[in-house]
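Down below is the structure, laid out as structure tokens.
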Amino acid sequence: MQNGKVAVVKSQSKARLAILELAHMMSVPMSLIAVLNMKVPDAIWQGGHNTP
């Protein structure tokens, strides 16, 4: 009986890891799109006026 519980826990852990990996794969592109929509690169660059 104990062996079956270990298998279930491992299966649940793999499922949680897969869900986290999927969420990460979705959130990174969404973050990049948000950065571009907010024009962060333009704010950082400022037409070259902020060069040292």
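The numbers here are math on the coordinates, done by the rules we state, and not lab data. Not measured: the values here are computed from a predicted model. For neighbour counting, all protein chains shown are included, and Cβ atoms are generated from backbone atoms with ideal geometry for every residue, glycine included.
Of all residues in segment 13-30, count the ones that are among the small types (Gly, Ala, Ser) and surrounded by fewer than 10 Cβ atoms within 10 Å (Cβ to Cβ).
0
Pairs only if they're at least six apart or on different chains, beta carbon under 8 angstrom, first in segment 22-41 and without any contact (Cβ under 8 Å) to a residue 12 or more places away in the chain, second of a type outside the set (A, V, I, L, M) and surrounded by fewer than 10 Cβ atoms within 10 Å (Cβ to Cβ); list them, first residue then second.
Pairs that qualify, where the first residue is without any contact (Cβ under 8 Å) to a residue 12 or more places away in the chain and the partner is of a type outside the set (A, V, I, L, M) and surrounded by fewer than 10 Cβ atoms within 10 Å (Cβ to Cβ), are Val35/Pro41.
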